[in-house]
Amino acid sequence: MAGTSVELGRELTASKNASPVLEIDMQEDEFSMFLGEDPNIKNKNIFELHKALCTRWGHILSHGLDKDQKQKILERYPLPSNCPEINAPLVNPEVVGVLSNPHIKRDEAHLGIQKQLNVGISALGKSMNIILEDKENIPKEIKEQLLISLGDSGRIFSDLSFNISTMRKNLIMPSLNKTVKDLVSNTTPVQFLFGSDIGERIKEAKSIERAKKDLKPEPMTTQPSTSTNSSYRRPHTEANVRPNFKVNPIPLNRKRPVRRGEVKPQRGHHPKKKKEQYQRRRHYWHSKIKTFKTQIQLYMGPTTSDKLLRKMGQFQNQPSASIL
């Protein structure tokens, strides 16, 4: 009995001294196996930079790199000689003559950014060369981990440089005509942004356009028949109008608004003249005749003037006495 009590005491103490973390880990594993992973757990791939890298890179990302220091770094890593694609492509001389000064300055700014990025790719490639060439000092597992991360960063930066070249092309394309756009839209930027043979391509396109024009048939000019049974009528133009026939030109201000006090006649309608216009005209001529009669009476006398006025009325079949 004493031995059994001692064993039970040992089991109890062992159960009390057992690690609770291990029991929780086992329970979490069981839960994840049957219920799935906990969605509140954050991404396991998140890592933290070394403090030395975090302080230096963070300052550069927020404030930029000093000009002198940047120039030293750019001079420290020359571009590789066996990879011409790493050089930032220049704008073709044929295209530069078409661009304006603001377009040229904008492309030069983008070119400077692309050159700086390509120097970073060159520095990355130099470090990868050291890892690839060293086969004894670096363990295999560490070498694989370094090459995976460095290789991914090199591909990302290379794709970014290609995207900058594409952006530069898209910003220049609106300044070119349609034929040149179709020629240079799918070119590969290596030494020049629009390819090295853009001049030859433009010459070929022009020769093809000329050949198309020469191969097209000329349009046939059909003359109207002069037979009497034909229903063809010549167009009514100035050349076909008879010389004695006058074409009344349409007044250019026929659609102007009606002026104040004016009645604009409608088509097929002639407004009647008002009675005031007749009375005004009649009063005007009556005054003229009276003055004419008084002048004759003054110069010729009353008797001779009456005879003269009667004779004038008989000649015009309208006596002056009836008018007055």
Checklist outcome for this item: Subset of segment 54-76, residues loosely packed, with under 10 Cβ neighbours inside 10 Å, more than 16 Å from Lys115 (Cα to Cα) and more than 38 Å from the chain's Cα centre (by Cα), comes to Asp68
Next on the checklist: Checking the conditions here, which among Lys143, Lys178, Lys135, Lys169 is out of contact with any Phe, Trp or Tyr (no Cβ under 6 Å at 6 or more places or on another chain), modelled with pLDDT under 95, more than 18 Å from Pro89 (Cα to Cα) and surrounded by 10 or more Cβ atoms within 10 Å (Cβ to Cβ)?
Outcome noted: Lys143
Checklist entry - When you go through (1) over 21 Å from Ile164 (Cα atoms); (2) assigned to a helix (DSSP H, G or I); (3) of a type outside the set (Phe, Trp, Tyr) one by one for His103, which number turns out not to apply? => result (1)
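Of all residues being among the β-branched types (Val, Ile, Thr) and touching a Leu at 6+ places or on another chain (Cβ under 9 Å) in segment 183-209, which is farthest from Gln114 (Cα to Cα)? Just the residue, please.
In the first step, residues of segment 183-209 are kept if they are among the β-branched types (Val, Ile, Thr); the result is 184, 187-188, 190, 198, 202, 208.
Those still in the list that are touching a Leu at 6+ places or on another chain (Cβ under 9 Å) too: 184, 187, 198, 202.
Details: Val184: 21, Thr187: 19, Ile198: 22, Ile202: 28 Å.
Residue satisfying both the conditions and the ranking: Ile202.
In the list Ile73, Ile60, Ile104, which residue meets the criterion of being among the β-branched types (Val, Ile, Thr), touching a Leu at 6+ places or on another chain (Cβ under 9 Å) and modelled with pLDDT of 90 or more? Give the derivation first.
On the way: Ile60 fails: touching a Leu at 6+ places or on another chain (Cβ under 9 Å); Ile104 fails: touching a Leu at 6+ places or on another chain (Cβ under 9 Å).
Answer to the selection: Ile73.
The values are calculated or read from the model by the stated rules, or taken from the named source; none is laboratory data. Since the model is a prediction, treat every value here as computed from it, not as a measurement. Methodologically, a virtual Cβ is constructed for each residue, glycine included, from the backbone with ideal geometry; neighbour enumeration extends over all protein chains shown.
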